[in-house]
Amino acid sequence: MATKSNTYWDRRANQRMAEYHREAEKTIHLVNRAYDKGLKDIEGSIKRILGKYIRDSGLSQAEAIALLNSPLPRAEWEAIKEQYMKVKDPEVRRKLLNILNAPAYSGRISRLVALKADIYIQSKLIMDAEIAQSTTNYLRVTDQAYYRTMFDLQQGLGLAFEFAAIPTKVVEEILRNPWSGEHFSQRVWKNTDYLAEQAAEVITGGWESGISYKQMTDQLAELMEVGKFAASRLIRTESTYMANAAEIESYKEAEIEKYIFIATLDLRTSQTCQDLDGEIFLVSEAKANVNLPAMHPFCRSTTRALIDAGVEFRLQRRARNPITGEAETLPPGMTYKEWRAGLDKQHGADRVAVMEKMTRNRVADRKQYDEFKGVVGEDVGSNLSDFQDLKYTEPDKWAAVKRQVNTFRKIDAGSYSEAYKDRLRDTYRYFKQEGHEFTIHALNRVEGPKTGKGKVNFSLDDVRALLGQPANYRQPGGKLIYYRDGLSAVQALDTGEIVSVVTRAKPRTDWEVI
């Protein structure tokens, strides 16, 4: 078997990691631009909210404080709030809107409150850009690490063996469980929260102490540099981890049992990585921050496969079963058609076709998943894999999810208060747990005002008890009626949704008893 020296493969492993870090640097550059824009927008907010007073150095501390506490015109406050619509990530946008509609922002808005809110919005616009760019980078790095490592393994073995694409579930798992121990979006949220808090302190403290506008913006610029550093540290470190995690997956695919820890040979290498350099570990026991880089922030270490004599035989003809996820050794000379026919026979042609559809539609489904999640949250699944399983293998549940998305979109578009919208969503989920879907009309009949002629109060528990028993009437046209003790609910036959809830003293004469 033709092989190259260990020194060559150590160097190649470090070269791969250097390539991933160069990709990370491109991402960091784009994120830095978002921080620079955020700084300009905050400076513009100061000028807009404090107006001509930023040029007046003659204000006493008491006058400065009084100005900060003076009311801001409501129209200006609404214009500030509307900036949340610039956020593209639906989850970030929803959280931000909930904060802006909190009781603290429902009454009289002072210039200080408005300024802090505006700064917070700008911090989340930075977050939005950072998450988008980071996610793109992590997906790219994970993909490249897997395939480049496979290419290097083929060179090292002198064999052009076949291998399966990295499964969607594996990529999702790597992104969901990063080196930092929490999803990177949570880290970005915390970092930008801190940035907003410190920026508000710089402005309010500086204003009250009488420093110049130029001094204030200089301090904000320094603060943005701190934010950039935190972002770059997170991106570089997670890129190192995700690349190494993807390389471990390539070792598993090639049935390689062991790997060697490779540290960068320069004077910047940490003592931890120095101590681990050259150590051999089992692929099955690889664990970040224990024996798999990243070992610490800004870690540059990597791994390489330890190839034993039996690997060449195992790699001659292999494929990953798309149903079970297990790697299988195939008979010599087996064609693709023969392999596919075997899958159909073993698992059923319909199931294999579904898996094929999932693979081909991965990009489009990712877009749809993000869109639906932005409307109904994790009711569509906690990850893309769960979403695809739901979409392609559970038609009834998938139809119900689409109806829920449609109902929640109507809630979002309604001219209700945010508190009332939350009540409608909570009520929907309350009855969904009981096996009942509600249209927006039915939700409004349950949660809306029950005063006026002919209207009678009833609670969620009353409706729940009503629906807990079989329907006992049928309307002309076929809709089912649940009616007891003056309370009725109407259910559509085609979708099974509850379309209305009303009170009436007695059943209608045109109802048919079931």
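Some observations on this one:
- Filtered residue count, the stretch 461-495, keeping only those that are free of Cβ contacts under 8 Å to residues at least 24 places away in the same chain and at positive phi: 3
- Qualifying residue in the stretch 410-418 (condition: more than 19 Å from the chain's Cα centre (by Cα), free of Cβ contacts under 8 Å to residues at least 24 places away in the same chain and closer than 30 Å to Gly348 by Cβ): no
- Search result, residues across the stretch 207-262 that are in contact with a Lys or Arg (Cβ under 8 Å, 6 or more places away or on another chain), aromatic (Phe, Trp, Tyr) and within 30 Å of Phe281 (Cα to Cα): Tyr259
- Put simply, of Phe408, Phe387 the only residue that is crowded, with 18+ Cβ neighbours inside 10 Å, touching a helix residue (DSSP H, G or I) at 6+ places or on another chain (Cβ under 6 Å) and over 30 Å from Glu356 (Cβ atoms) is Phe408.
- Set Lys124, Lys88: member being under 24 Å from Lys190 (Cα atoms) and surrounded by 15 or more Cβ atoms within 10 Å (Cβ to Cβ): Lys124
- Checking the stated criteria, Ala294 turns out not to satisfy the condition of being surrounded by 15 or more Cβ atoms within 10 Å (Cβ to Cβ), touching a helix residue (DSSP H, G or I) at 6+ places or on another chain (Cβ under 6 Å), closer than 16 Å to Phe151 by Cα and modelled with pLDDT of 75 or more.
- Residues that are crowded, with 19+ Cβ neighbours inside 10 Å and under 30 Å from Lys37 (Cβ atoms), drawn from the stretch 233-279: Leu234, Ile235, Arg236, Thr237, Glu238, Ser239, Thr240, Tyr241, Met242, Ala243
- Gly374 falls short of the stated requirement of being outside the structural domain of Lys432 (by TED's automatic domain parsing), within 13 Å of the chain's Cα centre (by Cα), crowded, with 17+ Cβ neighbours inside 10 Å and under 20 Å from Gly435 (Cα atoms).
- Residues of the stretch 452-460 include at least one that is farther than 30 Å from Lys357 by Cα, buried (at least 17 other Cβ atoms within 10 Å of the Cβ) and either modelled with pLDDT of 90 or more or under 24 Å from the mean Cα position of the chain (by Cα) (or both).
- Elements of type helices (runs of 4 or more DSSP H) contained in the stretch 58-136, each with 1 or more residues being under 28 Å from the mean Cα position of the chain (by Cα), farther than 30 Å from Tyr20 by Cβ and touching a residue at least 40 places away in the same chain (Cβ under 8 Å): 74-81, 90-100
The values are calculated or read from the model by the stated rules, or taken from the named source; none is laboratory data. Here the structure is a predicted model, which is why all the values come from computation and not from measurement. FYI the Cβ positions are ideal-geometry reconstructions off the backbone, even for glycines, and counts take in every protein chain you see.
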